[in-house]
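Comments concern the structure below.
The values are calculated or read from the model by the stated rules, or taken from the named source; none is laboratory data. Treat the numbers as computed from the prediction; the structure is a model and nothing was measured. Here the Cβ positions follow ideal geometry from the backbone for every residue, glycine too, while neighbour counts run over all protein chains shown. What goes into the accessible areas is simple: the full protein's heavy atoms, side chains included, and nothing from ligands, DNA or RNA. Shrake-Rupley method; radii C 1.70, N 1.55, O 1.52, S 1.80 Å.
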Amino acid sequence: MVAEVKALACELPARLGVPLSRFSRAELRRHVLSAGIVASISGVTIWRWLHEDALRPWSRRSWVFPRDPNFASKAGPVLDLYHRRWKGRPLSGHEFVISADEKTQIPIRTPCHEILPPAPGRPMRIEHEYRRHGVCAYVAAWDVHRARLFGRVVDRISIDVFDDLVAEVMGRDPYRSARRVFWIVDGGTIHRGERAARRLQGRFPNLVLVHLPTHASWLNQIEIYFSILQRKALTPADFATRDAVAARILGFQDHYQAIARPFEWKFTRRDLHRLLQRSTLPEELPCRKAA
């Protein structure tokens, strides 16, 4: 009986003809009873049985296969740069590493009722309904080893917006007079491929554009900062205008800059090799397409 309940918990409900995406404890109990496995049982008993094998069918975890066939060869140099190495040699004091990306679709919205601050025995209260006023975007760059930030808030992302950010950074010391400045970016349209490399290196000969593999935003250090920004400055959202969003984002940028230290990056090529060994997508399992 216990084995049958655990086996049910390890099935996708839709495969059992149940119109659910996943089982809650209560839904699993209902199905166990309707299937006639037992005449009666409590949710607590089911939880105890599942707990023995650390089964939690009501939870989920998202993941993605590394589909880029050159994932290791593209990610490896990025990891080396984080540890101040390039093509097997250590970087000099006149070489710098910049991580850059865009945070898009930042909502400009206000709650229908004023946010109430915390009070004794009561957390901050935020009204569920809100009014939309559009969206904006934030393009930013992070000096990996010096913990320096550069960024601007714009209506929409474009090649010109990104190039202006690059020009802002590369137009000041120490980057202007550096031997090399490595820019780590993803494969987004505004900085994709050799065309973007030629465009930027034509303007800044000491710039080296380094592209991440597909599905590798978790290797881009600027994403760590975006996560901090989202949690500490943009949640909850209460902005009536784009200028209000810009003031908050750029104000936080200055605030964080005053206390920032380089991220302690420990993930290495060896860790990447182990990860890819256990997560390689089998060739016989292509991406599914809708019928």
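Tabulated results
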item: Anchor Lys103: lysines whose Cα lies under 28 Å away (excluding residues fewer than 8 positions away in-chain); result: Lys74, Lys232, Lys266
item: Accessible area in square angstrom per residue, the range 147-270, 1.4 angstrom probe; result: 53
item: Sequence-distant residues sharing a close amide H with His145 (under 5 Å, placed H); result: Val97
item: Listed candidates (1) -0.42, -0.66; (2) -0.27, -0.45; (3) -0.36, -0.57 - label of the one calculated as log10 I(q)/I(0) by the Debye sum over Cα atoms at q = 0.07, 0.09 Å⁻¹; result: (1)
item: In Hz, Karplus ³J(HN,Hα) per residue of the range 135-146 (6.51, -1.76, 1.60; θ = phi - 60°; x = Gly, Pro); result: 9, 9, 9, 10, 10, 8, 9, 10, 6, 4, 9, 10
item: Förster radius 35 Å - calculated FRET efficiency between Arg15 and Thr268, Cβ distance, rounded to 0.05; result: 0.30
item: Placed amide H near His215: partners under 5 Å, 5+ positions off or other chain; result: none
item: Solvent-accessible area, 1.4 Å probe, carbon plus sulfur percent, for the chain; result: 51
item: The range 1-126 - accessible surface per residue (Å², probe 1.4 Å); result: 64
item: Helical contribution to [θ] at 222 nm, DSSP H n ≥ 4, -39,500 (n - 2.57), averaged over the chain, rounded to 500; result: -11000 deg cm²/dmol
item: Backbone HN-Hα couplings from phi across the range 204-213 [Karplus 6.51/-1.76/1.60, Hz, Gly and Pro as x]; result: 10, x, 8, 8, 10, 8, 10, 9, 6, x
item: Beta bridges per DSSP with both ends in the chain, % antiparallel, nearest 5; result: 70
item: Nonlocal amide H pairs with Trp183, under 5 Å, H built at 1.01 Å; result: Ile98, Val208, Leu209, Val210
item: Normalised contact order of the chain, rounded percent, pairs of Cα under 8 Å and 6 or more residues apart; result: 20
item: Cα→Cβ-extended label distance, 7 Å offset, between Gln257 and Ser42, nm; result: 6.0
item: Accessible area of Arg146 in the full protein assembly, 1.4 Å probe (Å², nearest 10); result: 100
item: ³J(HN,Hα) computed for each position of the range 84-94 - Karplus, 6.51 cos²θ - 1.76 cosθ + 1.60, integer Hz, glycine/proline x; result: 6, 9, 8, 6, x, 10, x, 6, 7, x, 9
item: Area accessible to solvent at Thr235, 1.4 Å probe radius, in Å²; result: 80
item: Prolate/oblate/rounded call for the range 27-72, Cα gyration tensor, a/c under 1.5 rounded; result: prolate
item: Qualifying GluC sites (Glu not before Pro) for the range 18-123 [loop in DSSP, other Cβ within 10 Å: at most 14]; result: Glu114
